[in-house]
Amino acid sequence: MFTFVQIIDKMKAISPFLFIGIFCFSMIAHAQNYVKTYTGTGYPGLLNGALAIAKFNAPFGMCMDKNRNIYVADKDNNCIRKISADGIVSTYAGAKTAGYVDGPAADARFKEPASMCVDSIGNLYVCDFGNHRIRKITPDGMVSTIAGSGVGGYANGQGTAAKFNCPRGICRDNKGNLYIGDSWNHRIRKITPDGMVSTYAGGGDTIGVQSVGHYRDAPDTLARFYTPCEVKIDAQKNIYVADAYTHRIRKIDSNRVVSTVAGSGFIGQQTGGFEDGAANQARFNVPTSVFVAHDGALYVGDGINQRVRKISNGTVSTFAGTGNSGFEDGIDTAASFDFPRAVVEDASLGLFYVIDYNNHAIRSIGAQNTTKVNKLAVTTLEVWPNPVQKTLNIRGLETGNNELLLTDIAGKTFLQKQVQANEISVNLPELPKGLYVLKVIHAQAVSTVKILVD
C-alpha cells in the first residue's frame, strides 16, 4: 500500500500538469460533525432488542466499559440497561417497578438510578438517586449496597450508616475511591474501598431537596456548590463537577482546592444564560453533566441551553445543538436535543454518545467526510456525507439556478435536478454501491465531485 506522499510523487512523475490541475481544483476532505439518533424512538417505553426499536424512559446517565459496551441509567424505568458493542439493547439489572432489593440482577430493584461509572474489571457503581444509596453491580450480576442508609440526609460514616441526599454523579480513581456528586447536600462525598464515607469538598448549612446552595471557590469543605451533578476524574486526579445551579463547571484538584473551569453570571435556578467564548465569560444554563475526553477536552451536557458544549484551551464552544428543543438529526449545530445530559466517548470510532433525556434517546455525534470544492466563483461548495447511503447534503450553491447531475463513471444519469436554494438535502434513488460523479452546473461554471455510495 502506498503512502500519501508516494502517491503524490507518482502523480507528479506521470504528469506534472495533472498534479497541478488536481490541486488547483482543490478537493479537500475534512471532518464535519453530524448528530444521529443511535437508539431510542423519541417516545418513552421499555423495549429491548435492536437499536432501531429499543425504547427508554428518561435515560439519565451512562458509562462505557473497555469493551465498548454502554450502560444506561434508565431513570423512569428504574433499571440499568446495556447497549452491547454490536448494537443490542438489554436490561442489565433491575426492573420497571421501583424498589430497593439487593441480589441477582434480575431480582434487584432500583429507584430512579441517575449516574454510573465502571472499573477495569467491569464492576458498575450506580448512584441510586431515589434510594439515596450507592450500589454496585458485579460482572456476574450481583447487586449490593456500598453506602447509604436509604433515608435522605447528610451524615458521614461507615457504609450504610452514612446518608446522602439524591446522589447524582459518580466517578472512581485508580485506588478504588469513589467520588459522589451529592446533589441536594451541595457537596462532593468520598467513599474509600472499605466503605468509609466522608466529605471531600463543599459545605454549608442548607441541605434537602430544593434547598439553596452557594458558590465559593476555596479549599475542600470551605468551598460551596449548588446542586452538583455529574463528576468526572482525569489522569492527574482532578475532579470536574457539573455544578448545575451555579451554571458552572468546577474543578477539585488533587490538593482538594476548588476552582471554576468555565462559566459566569448569577447563581440560582432561573439565572443561567448562553454565551460561547473565553471560559471566564462563557455562560451555561443548568449543566448537569461533564465528561473528560481522551485529549483532555471537557464536554458538557448544557441542559436548558439544549446544547452539548466543549471546553478546550480556555475557550467554550458549542459542539452540537441549535439551542431550541427538538429531535432533529443533522449537522452538529443544526441538530436539536431536548435536555442533553451524560456524554461518553468511543475514541476508537471517533464518536461521542449523548443522553437526550426528554427524547428518551441516545444520540451519537461524529465526523462525516465532507468534500469541499473551490468553485470558479467565490463560494465554496460542500458535499457530505461522503461515502453516502441515502441523503446527500450540498451547501454553498450559487444564487440562482443550479443544475445537479449525478452519473456513474460511465456517464449514465441517475439524478437530474434544478435547484434554486444555496443549501439542499437530496434523497438519492436506490443505487448500487460504487463510485459516482456529481456535477453542479451554474451558468458556465461546472464543479465536479466524486461520490462513493456505500
Legend entry - Rounded tilt (10° steps) of 4-14 against the dominant C-alpha axis of the chain: 0 degrees
Inset, instruction - Compute the accessible area per residue over the chain, keeping the other protein chains in place, probe 1.4 Å, unit Å². - result: 43 Å²
Legend entry - Share antiparallel - DSSP beta bridges, region 294-351, percent rounded to 5: 90 percent
Legend entry - Dipole magnitude of the chain, debye to nearest 20 (Cβ charges: Lys/Arg +1, Asp/Glu -1, about Cα centre): 240 debye
Legend entry - Estimated Rh, the chain: Kirkwood, alpha-carbon pairs, angstrom: 23.8 Å
Legend entry - Value at 222 nm in deg cm²/dmol, rounded to 500, when DSSP H runs of n ≥ 4 in the chain each add -39,500 (n - 2.57): -1500 deg cm²/dmol
Inset, instruction - Tell me the trypsin sites (Lys or Arg not before Pro) within region 54-106 that lie in a loop according to DSSP and have at most 11 other beta-carbon atoms within 10 Å. - result: LYS66
Inset, instruction - Give the cross-link partners of LYS136 among the lysines, using a straight C-alpha distance below 21 Å as the criterion and excluding same-chain residues fewer than 8 apart. - result: LYS66, LYS75, LYS82, LYS96, LYS111, LYS163, LYS175, LYS190, LYS232
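Which GluC sites (Glu not before Pro) in region 401-454 sit in a loop by DSSP (not H, G, I, E or B) and have at most 15 other Cβ atoms within 10 Å of their own Cβ?
Those satisfying the criteria are GLU430.
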Inset, instruction - Rounding to the nearest 20 debye, state how big the charge dipole of region 163-282 is about its Cα centre with +1 on each Lys and Arg Cβ and -1 on each Asp and Glu Cβ. - result: 300 debye
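Using a 1.4 Å probe on the protein heavy atoms, what percent of the accessible area of region 101-172 belongs to carbon and sulfur?
With neighbouring chains kept in place, the figure for region 101-172 is 51 percent.
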Inset, instruction - Under 20 Å Cα to Cα from LYS450, which lysines show up? Leave out anything in the same chain fewer than 8 places away. - result: LYS372, LYS375, LYS390, LYS412, LYS417, LYS433, LYS439
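The values are calculated or read from the model by the stated rules, or taken from the named source; none is laboratory data. These numbers were taken from a predicted model, which means no experiment stands behind them. No Cβ is skipped: glycine too gets one built from the backbone with ideal geometry, and neighbour counts run over all protein chains shown. Heavy atoms of the whole protein, side chains included, go into the accessibility calculation; ligands, DNA and RNA do not. Shrake-Rupley method; radii C 1.70, N 1.55, O 1.52, S 1.80 Å.
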